[in-house]
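One structure is given here, and the rest of the page talks about it.
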Amino acid sequence: MTVITRKQRGLDSMLNEFMGGDFFMTPQGMYSGNKSVPAANIYEDENSYSIELAAPGLKKEDFSIEFNNGLLSISASVEENTQEGRKQTLREFNYSSFKKSFKVAKQKVDDSSIEAEYLNGVLSVLLPKKEEAKMKPKRVIEIK
């Protein structure tokens, strides 16, 4: 069951208004409640958007990143690491496989230039903006 609090609904509305639609929404909404899916941070600067996913203990080969029709999907699959003769009594590491998707405003992102890097347990995906979507400097209008 998906749970979205009133505060999250407010943030959802604010992001939708600011980004011109469901720019970085997961299909499940702002909060999926699934702790086995890595947490994400999303940033914006003048030239790009970037997504950082906290996924320690994986290798870059474990990830798959796809962009299809405005949906950026990041997934990883890792084989279970079992050790012969050892019984596991506690399991808190649970990033063996996941899939997280973001609905991206196609008109704002140059999808032919998307890049990704995995460094120190963080997967970073850079989504360059199209020229027309870049932030314009404030223009001060003189009053006559």
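The values are calculated or read from the model by the stated rules, or taken from the named source; none is laboratory data. What you see is a predicted model, and the numbers here were worked out from it, not measured in a lab. Neighbour counts are summed over all protein chains in view; Cβ atoms, including those assigned to glycine, are modelled from backbone coordinates with ideal geometry. Side chains included, ligands, DNA and RNA excluded: accessible areas come from the protein's heavy atoms. Shrake-Rupley method; radii C 1.70, N 1.55, O 1.52, S 1.80 Å.
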Residues in segment 29-51: is at least one on the phi > 0 side of the Ramachandran plot, part of a loop (DSSP other than H, G, I, E, B) and at pLDDT below 90? yes
For T26, the lone unmet condition from (1) within 18 Å of K108 (Cβ to Cβ); (2) of a type in the set (S, T, Y); (3) modelled with pLDDT under 90; (4) surrounded by fewer than 16 Cβ atoms within 10 Å (Cβ to Cβ) is (4)
Could you list all residues from segment 45-57 that are open to solvent by less than 70 Å² (accessible area, probe 1.4 Å) and either more than 13 Å from G121 (Cβ to Cβ) or over 8 Å from the mean Cα position of the chain (by Cα) (or both)? S48, Y49, S50, I51, A54, A55
Counted residues, segment 75-109 - those being at pLDDT 80 or above, assigned to a helix (DSSP H, G or I) and within 17 Å of the chain's Cα centre (by Cα): 1
Segment 52-74, residues that are touching a helix residue (DSSP H, G or I) at 6+ places or on another chain (Cβ under 7 Å) and either part of a loop (DSSP other than H, G, I, E, B) or over 24 Å from D111 (Cβ atoms) (or both): G70
